[in-house]
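This report refers to the structure that appears directly beneath it.
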Amino acid sequence: MPADYHLHGLGHEGPPHNVERLLPFARAAHRAGLTEIGFAEHDFYLADLDFDVFARLEQCGQIKVRVGLEVDFSPDKQHWQELDGRPWDYLIGSVHAIGDWAFDYPGEEGGFASRDIDTIYADYFALVGRAAATGLFQIIGHLDLIKIYGHRPRQPVVELAEPALQLIAASGAVLELNTAGLFKPVAEIYPSPELLARAFELNIPVTISSDAHAPEEVGRQRAQAVEILRRIGYNCLATFCRRQMFTEPLA
Ligand SMILES: [Zn+2]
Ligand SMILES: [Zn+2]
């Protein structure tokens, strides 16, 4: 039952949130052979989400529809109460900024030249670890997003990520193989095979996602992600319903 849990039906354009906007994603997923999709809009669109839309989409979209949210984690932003009381199937915790430096934003690459690369990686993974330690998230988004522009640390990345991976394992959260990285300057899936191999040793489950911001991106390069997981030894994927995890055979 292949699922893609990281779809942005509102892209970066925002509302309106309606079935007409989301239906092309459901149709594209069905064509791609997926049997389950999940929307994970950026949390700055939280107030614009209409939960009835997801139920209506499932009725007409020939596919199971899950409801998630991509939470832009920052320790200064304590808006977790706003997330309560809604029927989430999962929450994705993602780090997109170190302090006020939104490092993955186009035009923000300059920040990589102005500080030590190992410090940047360590600071980034410290935030990922803090996100996991909140216990709020079922999925940790694009674990090594910090490599987006191809800047590599001097120290082995597995060492830099180890404390975050330990906290993820302890929290029970899963990692996503996010294929969007293939379409960024780094041209690699997030996270790298070496980080996944360590996650496998730590018994951290995984999902596969496209981070699609447009219908034609749904399920992109999934076969490549499946291949990487098989090579590492994974034989199942995590699925979610009302923040409970289930497992399905890898496909
Ligand atoms: Zn993200
Ligand atoms: Zn995303």
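Would you be able to tell me the number of residues in region 81-113 that are assigned to a loop (DSSP other than H, G, I, E, B) and away from ligand 1 (no atom under 16 Å from the Cβ)? Before you say what the answer is, go through the steps one by one.
Taking region 81-113 and keeping what is assigned to a loop (DSSP other than H, G, I, E, B), we get 84-89, 95-97, 99-100, 102-108, 113.
Still in the running and away from ligand 1 (no atom under 16 Å from the Cβ): 84-89, 99-100, 107, 113.
Selection size over region 81-113: 10.
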Of the criteria (1) more than 15 Å from ligand 1 (Cβ to nearest atom); (2) farther than 27 Å from residue 101 by Cβ; (3) touching a residue at least 12 places away in the same chain (Cβ under 8 Å), which one residue 207 fails
(1)
Within region 114-136, how many residues turn out to be among the basic types (Lys, Arg) and either outside any loop (DSSP other than H, G, I, E, B) or buried (at least 16 other Cβ atoms within 10 Å of the Cβ) (or both)?
1
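Of all the residues that make up region 162-217, how many are hydrophobic (A, V, I, L, M, F, W, C) and outside any helix (DSSP H, G or I)? If you could, list the steps in order and put the result at the bottom.
Kept after step one, since they are hydrophobic (A, V, I, L, M, F, W, C), are these residues of region 162-217: 164-165, 167-170, 173-175, 177, 180, 182-183, 186-187, 189, 195-197, 199-200, 202, 204, 206, 208, 212, 214.
Still in the list and also outside any helix (DSSP H, G or I): 173-175, 177, 186-187, 189, 202, 204, 206, 208, 212, 214.
Final tally of qualifying residues: 13.
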Selection count, region 137-157, where residues are part of a loop (DSSP other than H, G, I, E, B) and either of a type outside the set (A, V, I, L, M, F, W, C) or modelled with pLDDT under 95 (or both)
12
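May I ask you to verify whether residue 167 is away from ligand 1 (no atom under 14 Å from the Cβ) and more than 19 Å from residue 239 (Cα to Cα)?
On the way: away from ligand 1 (no atom under 14 Å from the Cβ): yes; more than 19 Å from residue 239 (Cα to Cα): yes.
Here the answer is yes, as residue 167 does meet what is asked.
The values are calculated or read from the model by the stated rules, or taken from the named source; none is laboratory data. Please read all numbers here as calculations on a predicted model, not as lab measurements. Every residue, glycine among them, receives a Cβ derived from its backbone with ideal geometry; neighbour counts consider all protein chains shown.
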